[in-house]
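Enquirer: Quick one: structure below, then a few questions.
Each value in this text was obtained by applying a stated rule to the coordinates, not by laboratory testing. These numbers were taken from a predicted model, which means no experiment stands behind them. Cβ atoms come from the backbone with ideal geometry, glycine included; neighbour counts cover every protein chain shown.
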Amino acid sequence: MPGSLLFVTSTRLGDAVLSTGVLSQCLARLPGASVTVAAGPVAAPIFRNTPGLERLHVLTKRAGGAHWLDLWARSVLRRWRLVVDLRGSALAYLVPTAERLVLGKGDRRGHRVEELGRLVGLGEAPPAPKIWLGPAEHATAARLIPDGPPVLALGPAANWRAKTWRAERFADLARRITRAGPLAGGRVAVLGAEGERDAVRPVLDALPADRRLDLVGRVDPLEAAACLARCRLFVGNDSGLMHVAAAIGVPTVGLFGPSPVEHYRPWGRWTAVAKTPMTPEALMADPAFDHRTSGTLMDGLTVDEAERVARELLDAIEESGEWPISS
C-alpha cells in the first residue's frame, strides 16, 4: 500500500518553496501516497497542486500553540507511512507513523536546499525545488500576461525594508534592460502582495503605461509562479517571490545585502546574484539596527552592477542555445 504522508513546512514563503524539493523526493519514495501538507497561510497556496494531495492544512498561528494542537488532533488518529516535520516541532513524535524525518536545529552548512536535504536524512544530493502548476493557474497567467513582447518581471518588495533596493533603481534597471538586448521593447511585470503596493508604487509610476503589467495583489503565490513562467527574466530582492521565480525556471537575478547569499541565493542553473560590496555582518553592525524598523541597507548595490549581472546571465543563456522553458 502506498500509505500516507504528512509534510509540515514553513510559514514563510521562501523557506516553503525551498522545501518543495524534499516533498518531491518523498513523493518519489512513496508513489501513489495520499498527502497532507501543513504550511503557513502565505505559503500554503504553493502546495495546492501537490500530486496526491488529500488535505492542505493552513497553520495559522494562535495563542498558546493552539494551531499545533489542531493539527495534532487532525493527525493523531491516522497511521502515517511517513511524517516529515521541517519546523522541528514535537508533532512528529506525537502521531503514529512508520517513519519520521525531523529537521534539526544545528547544521546550517551551505544553501538552505542542501541543509534541508541533509538534515532530514535524504542524502547529500540537493533536492531542487519543484512547483506544480495546474490548468487554472496557467489560464490566469495567460489572461494577465497575454502573448506579446518579452516580459521582464520585478520583485521590488521583501519581508523587511533593509533588504529592499530603492524603487527608483528598479525603475532605472527596467528601462536599461528593455532598451537593448533580448528584452528590447519588452513589457515589465511588477509583482507583490497587496499590502506592499505603497512600497512598489514608485516603480509602477515610473514605467510607461503601455508596457506596464501591474500584478500587485492580483495573484496568489501559485498564480504568481504561472505568471513568472511566461517571463524572460526576473530581478528582485531576496524574498519568497525570488525563490518562486527560480523554482519555476525563469532566469533569476537575486539582489542581496543584509542576508546571507550562501544560504539563500536563488537555486537553479540560470540564476545569479548581485550584491552589495559590504557583507551582511558589516551592514548590520550598527547597534541601532532593527530588521523591523531600519531602512534599506542596499544602497551599496548600484544599478550598473545589477545590470552587469543581469546581462551576463542573459548572455550566458543566449550562448548556450538552451533558453529555459518553464514547466
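Enquirer: In debye, nearest 20, what is the charge dipole magnitude of the chain about its Cα centre with +1 on Lys and Arg Cβ and -1 on Asp and Glu Cβ, if you could check?
Expert: Using only the charged Cβ atoms, the result is roughly 900 debye.
Enquirer: Can I ask one more? So how compact is the range 7-72: Cα radius of gyration and Dmax in angstrom?
Expert: 11.9, 37
Enquirer: Restricting to Cα atoms and excluding each atom paired with itself, what does the Kirkwood estimate give for the chain in Å? All intermediate terms of the calculation are to be shown ahead of the outcome.
Expert: Details: mean 1/r = 0.0487 Å⁻¹.
After inverting the pairwise mean of 1/r, the radius is 20.6 Å.
Enquirer: On a C-alpha basis, how far is the centre of the range 211-242 from the centre of the range 137-197 in Å? Whole number, if you could?
Expert: 7 Å
Enquirer: Over the range 2-158, what lengths in whole Å, largest first, do the semi-axes of the equivalent ellipsoid take, defined as the square roots of 5 times the eigenvalues of the alpha-carbon gyration tensor?
Expert: Calculated on Cα positions only, the semi-axes equal 28, 18, 17 Å.
Enquirer: Cut-off 20 Å, label point 7 angstrom out along Cα-to-Cβ of ALA285: give me the residues of the range 160-203 whose amide nitrogen falls inside.
Expert: Residues 162-163 fall inside that zone.
Enquirer: So how much slack lies between ARG109 and ALA209, counting 0.36 nm per residue of separation and subtracting their Cα-Cα distance, in nm?
Expert: Extra length available between ARG109 and ALA209 comes to 31.5 nm.
Enquirer: Let me ask something else. Using the per-residue mean of other Cβ atoms lying within 10 Å as a proxy for protection, in what order, highest first, do the peptides 59-67, 274-282 fall? Present the calculation step by step, with values, prior to reporting the outcome.
Expert: Details: 59-67: 11.9, 274-282: 16.1.
Put in order of decreasing packing, that is 274-282, 59-67.
Enquirer: Highest first, please rank the peptides 153-161, 185-193, 49-57 by the mean number of other Cβ atoms sitting within 10 Å of their residues.
Expert: 153-161, 185-193, 49-57
Enquirer: For a quick protection proxy, order the peptides 83-91, 249-257, 130-138, 19-27 by their average other-Cβ count within 10 Å, most packed first.
Expert: In descending order of packing, they fall as 249-257, 19-27, 83-91, 130-138.
Enquirer: To continue, here is another question. In deg cm²/dmol and to the nearest 500, what is the mean residue ellipticity at 222 nm of the chain if only DSSP H runs of at least 4 residues count, each as -39500 (n - 2.57), divided by the residue total?
Expert: Calculated from helices alone, the mean residue ellipticity at 222 nm is -10000 deg cm²/dmol.
Enquirer: Say each of ASP198 and VAL261 gets a label point 7 Å from the Cα, pointing the same way as Cα to Cβ; how far apart are those two points in nm?
Expert: Simple spin-label model gives 3.3 nm for this pair.
Enquirer: Here's something else I'd like to know. I need the fraction of alpha carbon pairs in the range 134-245 separated by more than 23 Å, rounded to a whole percent. Please report the intermediate quantities before stating the final value.
Expert: Numbers: 1233 of 6216 pairs.
So the pairs more than 23 Å apart make up 20 percent of the total in the range 134-245.
Enquirer: Oh, and also: Using a 7 Å offset from the Cα along the Cα-to-Cβ direction at both ALA125 and ARG175, what is the distance between the two label points in nm, to one decimal?
Expert: For the pair ALA125/ARG175, the computed spacing is 4.9 nm.
Enquirer: Which value, in nm² and rounded to one decimal, describes the direction-averaged projected area of the C-alpha convex hull of the range 213-269?
Expert: Numbers: hull surface 16.2 nm².
Directional mean of the projected Cα hull area for the range 213-269 stands at 4.1 nm².
Enquirer: Quick one, can you get me the convex hull of the C-alpha atoms of the range 136-320 expressed as volume per residue in Å³?
Expert: Values: hull volume 20.1 nm³, N = 185.
So the per-residue hull volume is 108 Å³.
Enquirer: With label points built 7 Å along Cα→Cβ from the Cα atoms of THR293 and LEU77, find their separation and express it in nm.
Expert: According to this spin-label approximation, the distance is 4.9 nm.
Enquirer: Now for a different question. Okay, which of the range 152-184 sit inside 20 Å, backbone N to the point 7 Å along the Cα-Cβ direction of ARG218?
Expert: Residues 152-158, 171, 174-175, 178 fall inside that zone.
Enquirer: Given the Cα-Cα distance of ALA66 and ASP304 and 0.36 nm per residue of separation, how much length would full extension add, in nm?
Expert: 80.7 nm
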